[in-house]
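Beneath this line is the structure, given in structure tokens, with notes to follow.
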Amino acid sequence: MNYRHAFHAGNFADVLKHAVLALCLTHLTRKDKALRYIDTHAGIGRYDLTSDEARRSPEWQGGVARVMDAARPEAVEAALAPWLSAVRAANPDDTLTAYPGSPDVAASILRPHDRMHLCELHEADCRTLDQRYIRDARVKAECRDGYKALSALLPPRERRGLVMIDPPLEQRDEMVAMARAARVALERWPTGTYIFWRPLKDLWASERFDSGLAQWLLFEQDFEPEKVLRADLWVRDLESEGKLAGAGVVGVNPPHTLEADLLALLPWLSETLAQGEGAGWRLDGAVTDETLELDEDAG
């Protein structure tokens, strides 16, 4: 699965992913102490919705554009507010021509004393990323394998912050690589907040990642159940052919307020962004009854 992001910027998956990111960072900035944001697959930071890629695959029209045009209930507006602020900052004339990627969302929320470390392996994208933030003293961007960088970057000097792991899914074994990186990162910095994005394309692989990570954290690392939260959204039947139908995130050490925000947001997103029959959502701890049974058997 090739997921070069310029073709997909602002789609339904981005809406959920970046809404979660914005909520987590906003919560973390409520304390005065500095924090660090680390992005392992940062992309180019901001995406041009008038570009050739966006015109060829205008998925943003079924994602961010629908959200902006829709009437939003009060609870939904509150849950989306940090992300919407970033979208509006990227489009000051109120016309959607740009979409903020994860670095841009983070940059709109972080304070002058916070820091961002952005990794991007694609050389051309890395140069674009570096130029975008070259005058931002908070930001360091480097052409580097984000997975390998985690060993050196964690724990951050600030001892507070968030790690976004959002790979392009270009390699067949990407989910395995992300699972390995997750264990390395969490062993080095178990108190950090993490967001792991993954598509719901290969359902077996995504379920294996989710339950495997949750089981490892809960039963081998002694994490409390509320420290793992899975949020998924699908805009049509997950078994349907064609473009990506579902995606979501697994959060580790999420803010205690995130679950309530997502309970308000996910049903509305499912209805508003639906592209056909079978749209839906889920919010849980990624540990199924089967996972628990397997652990009991192992014990």
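The values are calculated or read from the model by the stated rules, or taken from the named source; none is laboratory data. What you see is a predicted model; the values in this text were computed from it and never measured. With ideal geometry, Cβ positions are generated from the backbone for all residues, glycine too; neighbour counts draw on all protein chains shown.
Numbers at a glance
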| item | result |
| --- | --- |
| Matching residues, region 27-49, being assigned to a loop (DSSP other than H, G, I, E, B) and closer than 12 Å to G10 by Cα | L49 |
| Test: residue in region 47-70 that is touching a residue at least 60 places away in the same chain (Cβ under 8 Å) and touching a strand residue (DSSP E or B) at 6+ places or on another chain (Cβ under 8 Å) | no |
| Pairs with Cβ under 8 Å, 6+ apart, first in region 155-175 and within 18 Å of A247 (Cα to Cα), second β-branched (V, I, T) | M164/I38; M164/T40; M164/I195; I165/T40; I165/I195; D166/T40; D166/I195; P167/T40 |
| Candidate set from region 82-106 (those that are within 12 Å of V15 (Cα to Cα) and small (G, A, S)); member that is nearest to the chain's Cα centre (by Cα) | S102 |
| Checklist (1) closer than 30 Å to L121 by Cβ; (2) exposed (fewer than 14 other Cβ atoms within 10 Å of the Cβ) applied to E74, failing item | (1) |
| Residue selected from region 1-43 under the condition modelled with pLDDT under 95 and out of contact with any Gly (no Cβ under 6 Å at 6 or more places or on another chain), by the criterion surrounded by the most Cβ atoms within 10 Å (Cβ to Cβ) | A9 |
| Selection within region 76-124 - over 25 Å from L273 (Cα atoms) and in contact with a Gly (Cβ under 6 Å, 6 or more places away or on another chain) | C119 |
| Filter result for K227 (of a type outside the set (A, V, I, L, M, F, W, C) and farther than 26 Å from L35 by Cβ) | no |
| Positions within region 217-276 being of a type in the set (S, T, Y) and within 19 Å of the chain's Cα centre (by Cα), in sequence order | T257, S270 |
| Residues of region 1-45 satisfying the condition of being aliphatic (A, V, I, L, M), under 13 Å from the mean Cα position of the chain (by Cα) and within 25 Å of V76 (Cα to Cα) | A9, A13, V15, L16, A19, V20, L21, A22, L23, L25 |
